[in-house]
Amino acid sequence: MDKVIIFDTTLRDGEQSPGATMNMKEKIEVAKQLARLGVDVIEAGFPISSPGDFEAVKHIAQNVKGPSIAGLARANKKDIDAAWEAVKYSDKPRIHTFIATSDIHLEYKLRKSREEVLKITEEMVSYAKSLCNDVEFSAEDAGRTDPDYLCQVVEVAIRAGATTVNIPDTVGYTVPDEFGALIKYLKDKVPNINDAIISVHCHNDLGMATANTIAALQNGARQVECTVNGLGERAGNCSLEEIAMILKTRKDKLNLYSTVDTTEIYKASRLVSNLTGMLIQPNKAIVGANAFAHESGIHQDGFLKYRTTYEIMNPQDIGLVQSQLPLGPRSGRHALKSRLEELGYELNEEDLQKAFERFKVLADKKKTITNRDLEYIVADEIRFRSADAEYTLEQVQVSCGNQAIPTATVKLKNAEGEILQDAAIGAGPIDAIYQAVNRIIDVPNDLIEFSVQAITEGIDAMGEVTIRVKAEDGSIYTGNAANVDIIVASTMAYVHALNKLLAKSGILTKTTA
């Protein structure tokens, strides 16, 4: 069987999902989990895009071992230099450079001719090759590019030194037989095609990212670019978990394999969801809450008689296991540490102690602590102890009722340790809280989404609040938090979103790393 190279771009394309921005510490946490998952390449970011992204890629290159670490760069020397300066610390660095090739992009975006793009491709791939042995070239919007011209571009890129050529369906426009035929056309028509790996990067605008990716593999592609939970621009990308489990479940049909440790899939999915605030729909393939649930009586009967009648995958294959070690108020640090390691979290002593303190407080309020509870305890600690945590919540108190004016008092602590307090009234308790927070954190924004859901079952379940705010420049920032008190969770989520907004806009009272 042929190996399929898994190229994960959660930290680059995935983070481009509106509101899914992660800070450096969060990115490093995700990168370490991707390494445990066994992906071959981690595209850690777009170094030229911001100083923060450059530093994040550099830190991942320095600290994450195993996968190749790639940095994205447009086809110009400044971008390529930045990418190289960030990834060069990796044991296996990769420069990933790209330029658009479709006529619509050439005419309206680049304002360049086909000949000019061919020349740029040759020069910039050659330049990247002079810095790094592993160079990937992407023909942006390849799915809408004239096939014969695409053949010319790919041939030039390989001749200039590209070891991987990526064929993206950038806008998710193609259908499987069409995209598969394009890959076969390149295999047949490009004379030096066997000197490079063919990669594909499919978007999900028409819901066919995974299907198009499989069609490409069946026609000769051997690298897949994907993201955890299918995150990405617009409707997202091909889902890593879907590709990995298709290769595992249907190896009889595809005769292909990957070296992904599928038992780490669920941990990766939950970590990314928790840190980005991007919720997973219940009916999401592989990792959704209903993926291994059976409600129909007929299905339940068949399943109980013989599991594979209605379940083509084993939930243990993705790491979805029910621990037999219950956690409660009298559980100790060792039991907590063991469970967190099962969930994919490796905490140092300081972080473990803080998580243990949060755990004990929660355990006093709940009868049983679930894995989901623990995930949110750790995710909150990562979020609110990060370099971007300009403000932290000290206290919130509300007064409301059907015969009362909703009033909230909020106390925050800034990065310099100063306690700031204010109060406000509103249409309801949450509106009053947010009005009070806005009086303390004076940064223009519009609340565009507010959602609440119970993480676990029962009246004592933790509630998760996810919000999105829009800054004056149109950027969207997500905040999320969980607590048994939904008022507290709502306040923490709003402060989390504003911390992200402040960090990205540079309006900070401290210097961030």
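The values are calculated or read from the model by the stated rules, or taken from the named source; none is laboratory data. Model, not experiment: these values are computed from the prediction. All Cβ positions, even for glycine, are placed from backbone atoms using ideal geometry, and neighbour counts span all protein chains on display.
Scanning the range 338-371 for residues that are aromatic (Phe, Trp, Tyr), farther than 15 Å from Leu271 by Cα and in contact (Cβ under 8 Å) with a residue 24 or more places away in the chain yields a total of 1. The number of residues in the range 100-117 that are over 32 Å from the mean Cα position of the chain (by Cα) and either at pLDDT below 95 or within 18 Å of Glu155 (Cα to Cα) (or both) comes to 4. On inspection, Phe54 qualifies as surrounded by fewer than 20 Cβ atoms within 10 Å (Cβ to Cβ) and under 19 Å from the mean Cα position of the chain (by Cα).
Rundown of residues vs (1) in the same structural domain as Thr370 (by TED's automatic domain parsing); (2) hydrophobic (A, V, I, L, M, F, W, C); (3) under 16 Å from Glu375 (Cβ atoms); (4) more than 23 Å from the chain's Cα centre (by Cα), yes/no style:
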site	(1), (2), (3), (4)
Arg439	no, no, no, yes
Val443	no, yes, no, yes
Asp446	no, no, no, yes
Thr466	no, no, yes, no
Val469	no, yes, no, no
Thr478	no, no, no, no
Ala482	no, yes, yes, no
Ala489	no, yes, yes, no
Val495	no, yes, no, no
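In this structure, Ala44 does not qualify as modelled with pLDDT of 95 or more, of a type in the set (A, V, I, L, M) and surrounded by fewer than 22 Cβ atoms within 10 Å (Cβ to Cβ).
Scanning the range 21-40 for residues that are assigned to a loop (DSSP other than H, G, I, E, B) and surrounded by fewer than 22 Cβ atoms within 10 Å (Cβ to Cβ) yields Gly38, Asp40. Condition first: within 26 Å of Leu247 (Cβ to Cβ) and modelled with pLDDT of 80 or more. Can you find one or more residues in the range 298-312 that meet it? Within the range 298-312 (the criterion being within 26 Å of Leu247 (Cβ to Cβ) and modelled with pLDDT of 80 or more), the answer is yes, since at least one residue qualifies.
Considering Glu225, Glu233, the condition of being within 25 Å of Gln16 (Cβ to Cβ), outside any loop (DSSP other than H, G, I, E, B) and either within 18 Å of the chain's Cα centre (by Cα) or modelled with pLDDT under 95 (or both) is satisfied by Glu225 alone. Just one of the numbered conditions (1) out of contact with any strand residue (DSSP E or B) (no Cβ under 8 Å at 6 or more places or on another chain); (2) surrounded by 13 or more Cβ atoms within 10 Å (Cβ to Cβ); (3) of a type outside the set (Ser, Thr, Tyr) is not true of Glu416; which one? For Glu416, the exception is condition (2). Counting only helices (runs of 4 or more DSSP H) that sit wholly inside the range 336-444, those with at least 2 residues that are under 19 Å from Ile487 (Cα atoms) and modelled with pLDDT under 90 are 349-365, 371-384. Evaluating Thr210 against the criteria (1) outside any loop (DSSP other than H, G, I, E, B); (2) modelled with pLDDT under 95 leaves one unmet condition, (2).
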